[in-house]
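The next block holds one structure in the form of structure tokens; read it before the comments.
Taken together, the values in this text are just the output of simple stated rules run on the coordinates, not laboratory data. All values derive from a computational prediction rather than experimental measurement. A quick note on method: Cβ atoms are made from the backbone with ideal geometry, for glycine too, and the neighbour counts reach across all protein chains shown.
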Amino acid sequence: MERSFIMAKPDAVQRRFVAEIIRRFETRGLRLVGMKLIHPSRELAEAHYAVHRERPFFNDLVEFITSGPVVAMVWEGKDIITVTRTMIGATNPVNAAPGTIRGDLAIEMGNNLVHGSDALETAEKEIALWFTPSELLP
Ligand code: DAT
Ligand code: MG
């Protein structure tokens, strides 16, 4: 079964949307196989967003993601990448469709509440970065 790395970002924790975000994935029929509350180090944040290292917004992004605790999760299910990315919505919440997490609950580009892996290969790398195998259900 396919798995994805999903993170409730610091704005989601601060705005008390963690339960709402989990509820959406649970009621869709996805299976939660790992979860932890963690205040990410700069090193972890930079590794997570390494693909964006050369982008002008990289520093702000790392500052934001290390600004408070996040809820790191691994979710499992059919077509997990497509299903979770569709539920999360467009990167810029202004363009995110109503019914999506970002489209319903966010409006600013920086503060878009949730991260979801964009491909199975990315998911594998991100899961290994944030979790040890023993922290995940078999
Ligand atoms: P996503 O989070 O939808 O996968 P991404 O991987 O392209 O989007 O970018 C990672 C995060 O970086 C995104 O959630 C918000 C921020 N970001 C992306 N593009 C940006 C931009 N042009 N200006 C400011 N922040 C940006
Ligand atoms: Mg991305």
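Across the range 7-138, the mean sequence separation of Cα contacts (distance under 8 Å, 6 or more residues apart), normalised by length, yields a relative contact order of 31 percent. Taking the Cα atoms of the range 11-61, the ratio Rg/Rh between the radius of gyration and the Kirkwood radius comes to 1.07.
Under the convention that each Lys and Arg Cβ holds +1 and each Asp and Glu Cβ holds -1, the size of the dipole of the chain around its Cα centre is about 360 debye.
With only Cα atoms counted, the chain has Rg and Dmax values of 13.8, 39 Å.
Tally the DSSP beta bridges in the chain and give the antiparallel ones as a percent, rounded to 5. Roughly 100 percent of the DSSP beta bridges within the chain come out antiparallel.
Cross-link partners of Lys36 among lysines, defined as those whose alpha carbon lies under 20 angstrom from its own and excluding same-chain residues fewer than eight positions apart: Lys9, Lys125. Rounded to the nearest Hz, the phi-derived 3J(HN,Hα) couplings of the range 10-20 under the Karplus curve 6.51 cos²θ - 1.76 cosθ + 1.60 (θ = phi - 60°) are x, 5, 5, 5, 5, 8, 6, 9, 4, 4, 4, where x marks glycine and proline. The peptide list 47-55, 34-42, put in order of mean Cβ contacts within 10 Å with the highest first, becomes 34-42, 47-55.
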